[in-house]
1. Go through region 339-372 and give me each residue that's farther than 27 Å from residue 291 by Cβ, polar (S, T, N, Q) and at pLDDT below 85.
2. Any residue in region 46-55 that is open to solvent by 30 Å² or more (accessible area, probe 1.4 Å), within 29 Å of residue 123 (Cβ to Cβ) and assigned to a loop (DSSP other than H, G, I, E, B)?
3. Any chance you could count how many residues in region 98-120 are outside any loop (DSSP other than H, G, I, E, B) and open to solvent by less than 70 Å² (accessible area, probe 1.4 Å)?
4. Regarding region 33-45, can at least one residue be identified that is open to solvent by less than 80 Å² (accessible area, probe 1.4 Å), assigned to a strand (DSSP E or B) and in contact with a Phe, Trp or Tyr (Cβ under 6 Å, 6 or more places away or on another chain)?
5. Starting from region 505-530, keep only residues that are more than 13 Å from residue 174 (Cα to Cα) and free of Cβ contacts under 8 Å to residues at least 12 places away in the same chain, then list their pairs with residues that are surrounded by fewer than 16 Cβ atoms within 10 Å (Cβ to Cβ) and not aromatic (Phe, Trp, Tyr) whose Cβ atoms are within a distance under 9 Å, requiring at least 6 positions of separation or different chains.
6. Does any residue of region 69-78 turn out to be more than 19 Å from residue 32 (Cβ to Cβ) and modelled with pLDDT under 90?
7. Write out, first by first residue and then by second, each pair whose Cβ atoms fall under 8 Å of each other, whose residues are 6+ apart or on separate chains, and whose first residue, in region 70-93, is over 14 Å from residue 52 (Cβ atoms) and among the charged types (D, E, K, R) while the second is part of a loop (DSSP other than H, G, I, E, B) and open to solvent by 70 Å² or more (accessible area, probe 1.4 Å).
8. Within region 302-318, restricting attention to residues that are open to solvent by 20 Å² or more (accessible area, probe 1.4 Å) and either in contact with a Gly (Cβ under 8 Å, 6 or more places away or on another chain) or among the aliphatic types (A, V, I, L, M) (or both), which residue is modelled with the highest pLDDT?
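The values are calculated or read from the model by the stated rules, or taken from the named source; none is laboratory data. Note that the coordinates shown come from a computational prediction; the quantities given were computed from them, not determined experimentally. Methodologically, a virtual Cβ is constructed for each residue, glycine included, from the backbone with ideal geometry; neighbour enumeration extends over all protein chains shown. Side chains are part of the model used for accessible areas, which takes the heavy atoms of the whole protein and leaves out ligands, DNA and RNA. Shrake-Rupley method; radii C 1.70, N 1.55, O 1.52, S 1.80 Å.
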Amino acid sequence: MNLNVFFPENLMIQSIENNEHKILIYLKSKSNFSHCPLCGMKSQHVHSTYIRKPLDASILSKPVQLKIQAKKFFCLNSNCKRQIFTERFTGFLNTYRRLTVRLEEVFLQLSLSMSAEALSRFLFKLGYERSGDSLLDLLRRIDSTEKEIKNQSLTHIGVDDFSFRRGVEFGTVICDLKTHRPVEILASRSTQAFKEWLEKHPSVKLVTRDRATTYTKAIHSTNPDIIQIADKWHFLKNLLDVVKETISSRFPKGWFIIPECPVLETTDNETDIATTNEESTVSHESLSEKEQSKWILILEVQKVYQQLGSIRQTARHLKLSRTSVTKYIQLSEPPKQIRKPRVNQFLPYLNQITPWCQEGKTAIWIHKQLIQQGFKGAPSSTRRKVQEIKATLSIKKNKKVEDKINKKPPKYLKATKFQLISLIWRKATSLTQQELDLLNQLFQGHSDLSELYTAVQLFRDLVTMGQVVKLSQWLERYVNHEIKLLREFCRRMKRDEQSIINALVYPYTNAICEGNVNRIKMIKRQMYGRASFKLLRIKVLYA
């Protein structure tokens, strides 16, 4: 294969060397003349020759180095400032460059996609020794003139802010809604900075933005005829914040109702504990003494928590740990400790233990009989095994005892504040029957939350369906609502009502800018947060 086809016509391959580390290609210039880069005069008067040693694209994963014998010419124009000039290889090898144009393009694209230091380490593995600084120089050579010319015809843009340092310094990213690409980033998110950019681009007719007033003021002061579109996600999030703050202020520790129970209705503390003890014993005869005493303690913890409303204060009052109090207030049934019995040691005696259990023999009597036969287990293990066998036998029980065992304490209606927020925000079609019952129970005691739920669902429906007329009606209906946060939300919406109406009419959103903000975060992390704004701008706009 003739490799001359991969090089310019004025270069001819003389020889090729393939050593262990790289491929060397020797080339010689065939041109007999050249043009002066200053005055443009043609010259055939050769001054001398010299060797250029640029790197070229690799062949079979081996780096390629060219050795080009180029010529120097005398400039024949006596008025020209340059007396001697070197031969040019336009389109293949630029002046003062040590990389061919094609290899420079490869390095440039890689530099736009990853950090310079990481790329330097990667290229070293491929045989190219390039420092991070030299790779950054490639990025800084990018000419933005062509980009500026293209941006003069922008008509539909999106604008959003991003942070250089979170909460301290902010910038602005501007995207073309048609090409979905960023067209400019500004070093500030001030009204003046965006206004100056708009004045340089009078062709802009439509802008999508968030609900901050910074960009709104710039648009009004530059060209009031520009169509402004508020992003749907932002005003839906603002409404969700109303729900969150309302629920958090109303139920900071969640919401729950304890059904009426005689156990918790006494006024005297001592009488209450005694009654609790009696009821617990009657209702849970199947529990051991230890389990019954623990259940009495749990009921007392729940009662004190109802009065104090704080896990920390309850723990101090009862001298318990906060972990135990947190666990006890969530229980609605007596906890049972299930221990795994040691079955292996009873295997030789099962045929005898079962008939004894059917006869109603006690565990102590059975244990004595087993000891006489060589059993080495403890009395407690025998007692557990007897209880297990008796539980499996079909022993007839008194109906009253059966009712007492099956009787369970009343369950709490409870929900965390995050569950309440979810119930009010979600569509009714996505809720289970249990969640609907809980929501109805909540509305019975809090009618204003029922109105908040109705307002939220109506607003979501009209935004989804794009019902502009109903939006104005919705604002008029809830602008004087008794819930302060909802009332303030409506008033803010009315101040920006036209841009919100445009959001329901036009198909544009600010999602493109939001996506590019996330992309900027990724680029900043690649640059370790230490690069200049100029370099960040190049990476954002040209990658």
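1. If the condition is that a residue be farther than 27 Å from residue 291 by Cβ, polar (S, T, N, Q) and at pLDDT below 85, then 351, 352 are the ones that fit.
2. Yes - at least one qualifying residue is present in region 46-55.
3. Qualifying residue count, region 98-120: 13.
4. There is at least one residue in region 33-45 that is open to solvent by less than 80 Å² (accessible area, probe 1.4 Å), assigned to a strand (DSSP E or B) and in contact with a Phe, Trp or Tyr (Cβ under 6 Å, 6 or more places away or on another chain).
5. 529/165
6. The first filter runs over region 69-78 and keeps only residues more than 19 Å from residue 32 (Cβ to Cβ), leaving 78.
Next cut, modelled with pLDDT under 90 only: 78.
Yes.
7. Filtered contacts from region 70-93: 81/38; 82/38.
8. The extreme case among them is 311.
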